[in-house]
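The values are calculated or read from the model by the stated rules, or taken from the named source; none is laboratory data. The structure displayed is predicted, hence computed values, not measured ones. As a convention, Cβ positions derive from the backbone with ideal geometry for all residues, glycine included, and neighbour counts pool all protein chains shown.
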Amino acid sequence: METIWLTGAEWLAVLRIGLGLWWLESWRHKDKKDWFERGTGIAWAADVAGKHQWPWVKNGFNKVVQPRPKVMAYVVVYAELALGLGLIVGFLTPVALLGGLLLNLLYLVLMIHDWAEQGQNGMMALISFVALFAMAWQTWSLDSAIGLF
């Protein structure tokens with residue numbers, strides 16, 4: 001593959017790092033006090049799930065998330081932080097890419113009616129998919145430096 005300036009593997013690393021920065025920004029802009037103390041993030045998601053056009057989304061949310069809102073708030077917030085850091089430094093990159101892809105697909109399904117939100121989740125899922133199958137951890141990553149994957 002011929003490219004301008006960087007190699008194909010280096011461009012994939014740029015894509016991976018950019019995705020990590022996107023996840024880190026998603027974590028950074030959340031009001032943690034609201035999420036952890038007041039439960040606003042999970043309450044908002046419960047409202048969205050309760051009005052969802054697909055009944056299985058509401059049922060799944062009510063079985064998995066609703067009974068444990070505090071735990072799920074921590075899971076969501078710190079998953080975004082872990083994904084961001086893992087992708088930026090390239091540590092456990094395939095795990096982070098797969099986790100991010102699944103989280104974006106969950107967000108995509110939950111917010112199926114909000115097309116503005118779908119652009120972000122769709123793009124992040126696409127980048128995760130490409131980076132995963134192109135093995136974007138081969139360059140500029142801890143995984144590569146220590147011989148993982």
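Some notes on this structure:
- Which numbered condition R28 misses (of (1) closer than 28 Å to T93 by Cα; (2) surrounded by 14 or more Cβ atoms within 10 Å (Cβ to Cβ); (3) of a type in the set (D, E, K, R)): (2)
- If the condition is being farther than 30 Å from P69 by Cα, of a type in the set (G, A, S) and surrounded by 15 or more Cβ atoms within 10 Å (Cβ to Cβ), then segment 1-25 contributes A9, A13.
- Residues of segment 93-149 that turn out to be part of a helix (DSSP H, G or I) and either under 26 Å from W54 (Cβ atoms) or aliphatic (A, V, I, L, M) (or both), as a count: 37
- Taking segment 62-120 as the range and being charged (D, E, K, R) and modelled with pLDDT of 95 or more as the test, the residues that pass are K63, R68, K70, E80.
- Any chance V75 is touching a Leu at 6+ places or on another chain (Cβ under 8 Å), free of Cβ contacts under 8 Å to residues at least 12 places away in the same chain and assigned to a helix (DSSP H, G or I): no
- Within segment 56-115, the residues that satisfy the criterion of being closer than 13 Å to W23 by Cβ and among the hydroxyl-bearing types (S, T, Y) are Y78, T93, Y107.
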